[in-house]
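Below you'll find the structure, written out as structure tokens, and then a few comments.
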Amino acid sequence: MKRMSCLKSDNIKELKTMKQALIVLIFVTSTAFSQKIQLPATTQHTLENGLSVILMEYKKVPVIHFRMVVRGGSALDSTGLDGVAAMATSLMREGTETRTSTDIANAIDFIGGSLSVSAGADYCAATAEVLKKDLATGLDLFADVILHPSFPKAEIDRDRKQRLANLEGLKEEPSSVASIVFKKNAYGNHPYGRQSMGTKASLDAITRDDLAGFYKTVFIPNNATLVVVGDFASAEMLDKIKATFGTWQKGEKLDISIAPPTMLQGRRVVLVNKSDATQTQMVFGNTGIDIKNPDYFAIQVANTIFGSGFTSRLVDELRVKRSLTYGVRSGFSASLYGGTYSISTFTKNATVNEMIDAMLNEIKKYRANGATAEELKKGQNYVAGSFARGLQSPEALAARLTDIEIYGFPKNHLETYVQKLKAVTLDDVHRVAQKYFLLDDLLIVLVSPAEETSPKVKTYGTVNIVELQDAIQ
């Protein structure tokens with residue numbers, strides 16, 4: 001056992017060393033603004049069962065990353081069964097037809113690798129990363145959790161219990177409460193508005209048949225894309241994938257079509273009563289854009305100027321000048337069929353009105369005047385630099401490549417990303433500020449003592465008070 005422990009430790013250290021070496025995957029010129037993205041070539045194949053396979057060789061370090069995505073995620077959860085997608089994918093790693101949860105954990109830990117399955121709104125993803133020398137073990141484990149999950153009763157009960165405990169714990173996290181309540185109220189009855197982690201009622205109601213049914217519906221090869229990035233020869237890797245996944249049986253592919261969410265009209269305030277809160281957590285916003293919106297790049301730059309990063313207008317006004325908060329951030333969360341626009345921050349209960357007034361004033365000024373040439377350049381550089389840094393590992397590249405497939409981006413999406421940012425003009429920033437940075441149609445979610453805060457915020461819209469125990473169901 002001592003020898004095995006040493007081997008495990010050595011593998012983990014080696015993989016960590018390899019990851020630290022992954023810093024030259026892309027080549028950039030001297031400034032982020034002028035950089036040109038140059039990526040290794042990819043090859044794409046489709047197996048007879050419909051599985052799409054994308055291979056990218058990257059031989060700087062002996063690491064291989066697998067990422068498989070299937071279309072359909074938590075947005076497919078049935079009404080009253082919130083959490084099926086999240087629970088099903090989590091449990092895929094907790095037991096197969098031939099391995100227990102402990103077997104899987106020990107096997108992947110011993111080689112110092114990683115293995116996970118998770119659900120997003122639009123898709124589910126299974127990932128694995130191993131050293132090249134451990135490819136056989138890593139691929140076998142990766143395939144086993146995808147092809148042969150068994151959903152053991154004991155693991156279902158354990159997962160259910162943990163999720164219920166997590167729901168209770170979230171009530172003591174004002175930022176989480178505000179985010180969940182904002183999402184529910186912004187989306188309303190739209191599938192994106194469901195509590196993807198599950199509710200107390202849905203977690204109690206979910207059965208093994210529900211979990212297995214979700215898995216069988218979406219985890220089929222003709223609904224899946226497998227991306228492999230790392231140190232391998234493409235022809236050999238393709239042979240291994242065919243041998244591993246070639247007998248996976250086709251299924252009936254879902255025709256997934258979800259209507260875009262409706263934008264809220266007017267201002268409304270949802271006040272979550274947390275009587276012991278000494279600070280008020282806030283989220284402002286509305287529904288926003290889908291990920292293929294033609295204004296996507298202009299919005300990224302405009303939002304960076306306004307509320308993303310340490311030099312944004314919101315940080316400068318609300319933190320630096322007024323000392324109303326330690327942190328404030330705006331953002332657009334974009335998915336396949338829609339998204340949200342939101343501004344998140346917190347302040348002392350005594351300064352709630354000052355914060356809201358200052359926030360609304362900053363939106364008003366941005367909509368009226370747009371940005372300066374200096375802000376535009378700084379915003380473009382910041383987004384371009386963040387994008388480039390986000391491509392510096394096989395894991396990150398695999399995620400970007402699967403996004404291209406899931407969202408139907410152009411094949412040259414990554415290579416042309418920076419050029420599209422550079423093409424954004426001051427007029428574009430002003431136009432999207434007026435169109436998407438809303439002022440009159442706003443949902444304002446507050447987590448605060450209702451007795452103290454309710455009288456202060458009535459001037460901003462109709463106030464709906466929600467008790468904390470009802471905010472996260």
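The values are calculated or read from the model by the stated rules, or taken from the named source; none is laboratory data. The model shown is predicted, which means the values in this text are computed figures rather than measured ones. FYI the Cβ positions are ideal-geometry reconstructions off the backbone, even for glycines, and counts take in every protein chain you see.
Here are the numbers for the structure shown:
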item: Some residue of region 199-218 being assigned to a loop (DSSP other than H, G, I, E, B), touching a strand residue (DSSP E or B) at 6+ places or on another chain (Cβ under 9 Å) and under 30 Å from L51 (Cβ atoms); result: no
item: Residue ID - nearest to G331 (Cα to Cα), chosen from residues in region 272-314 that are among the hydrophobic types (A, V, I, L, M, F, W, C) and assigned to a loop (DSSP other than H, G, I, E, B); result: I289
item: Sole residue being of a type in the set (A, V, I, L, M, F, W, C), surrounded by 15 or more Cβ atoms within 10 Å (Cβ to Cβ) and without any contact (Cβ under 8 Å) to a residue 40 or more places away in the chain, chosen from I404, I363, I444; result: I404
item: Contacts under 9 angstrom Cβ, first residue in region 382-400 being assigned by TED's automatic domain parsing to the domain that holds F310, partner assigned to a loop (DSSP other than H, G, I, E, B) and among the small types (G, A, S), 6 or more apart; result: Y382/S308; Y382/G309; V383/S308; S386/G309; A396/G390; A399/G390; R400/G390
item: Residue check, T325 buried (at least 17 other Cβ atoms within 10 Å of the Cβ) and either at pLDDT 95 or above or part of a loop (DSSP other than H, G, I, E, B) (or both); result: yes
item: Search result, residues across region 282-292 that are more than 18 Å from the chain's Cα centre (by Cα) and either at pLDDT below 95 or of a type in the set (S, T, N, Q) (or both); result: N286
item: Within region 409-457, considering residues that are hydroxyl-bearing (S, T, Y) and not in a helix (DSSP H, G or I), the one farthest from G379 (Cα to Cα); result: S448
item: Flag for V53 being closer than 25 Å to N412 by Cβ and either in the same structural domain as I111 (by TED's automatic domain parsing) or outside any strand (DSSP E or B) (or both); result: yes
item: Checking S308 against (1) at positive phi; (2) surrounded by fewer than 24 Cβ atoms within 10 Å (Cβ to Cβ); (3) in contact with a Ser or Thr (Cβ under 7 Å, 6 or more places away or on another chain); (4) small (G, A, S), the condition it does not meet; result: (1)
item: Some residue of region 414-430 being in contact with a strand residue (DSSP E or B) (Cβ under 6 Å, 6 or more places away or on another chain) and hydrophobic (A, V, I, L, M, F, W, C); result: no
item: Any pair with Cβ under 8 angstrom, 6 or more apart, that starts in region 139-155 at a residue that is over 15 Å from S118 (Cα atoms) and ends at one that is buried (at least 17 other Cβ atoms within 10 Å of the Cβ) and among the acidic types (D, E); result: P152/E94; E155/E94
item: Residues of region 312-331 classified as touching a helix residue (DSSP H, G or I) at 6+ places or on another chain (Cβ under 7 Å) and over 20 Å from S176 (Cβ atoms), total; result: 7
item: Conditions (1) of a type outside the set (V, I, T); (2) out of contact with any strand residue (DSSP E or B) (no Cβ under 9 Å at 6 or more places or on another chain); (3) closer than 18 Å to A298 by Cα; (4) modelled with pLDDT of 95 or more: number failed by G385; result: (4)
item: Region 122-134, residues that are within 20 Å of A396 (Cβ to Cβ) and not acidic (D, E); result: Y123, C124, A125, A126, T127, A128, V130, L131, K132
item: Criterion violated by A186 - all others in (1) more than 26 Å from E467 (Cβ to Cβ); (2) surrounded by 13 or more Cβ atoms within 10 Å (Cβ to Cβ); (3) among the hydrophobic types (A, V, I, L, M, F, W, C) satisfied; result: (1)
item: Members of region 210-251 that are closer than 21 Å to A121 by Cα and without any contact (Cβ under 8 Å) to a residue 12 or more places away in the chain; result: G213
item: Pairs where the first residue, in region 449-464, is more than 19 Å from N185 (Cβ to Cβ) and the second is surrounded by fewer than 18 Cβ atoms within 10 Å (Cβ to Cβ), C-beta under 7 Å, 6+ apart; result: P449/S275; P449/N349; E452/N349; K456/N353
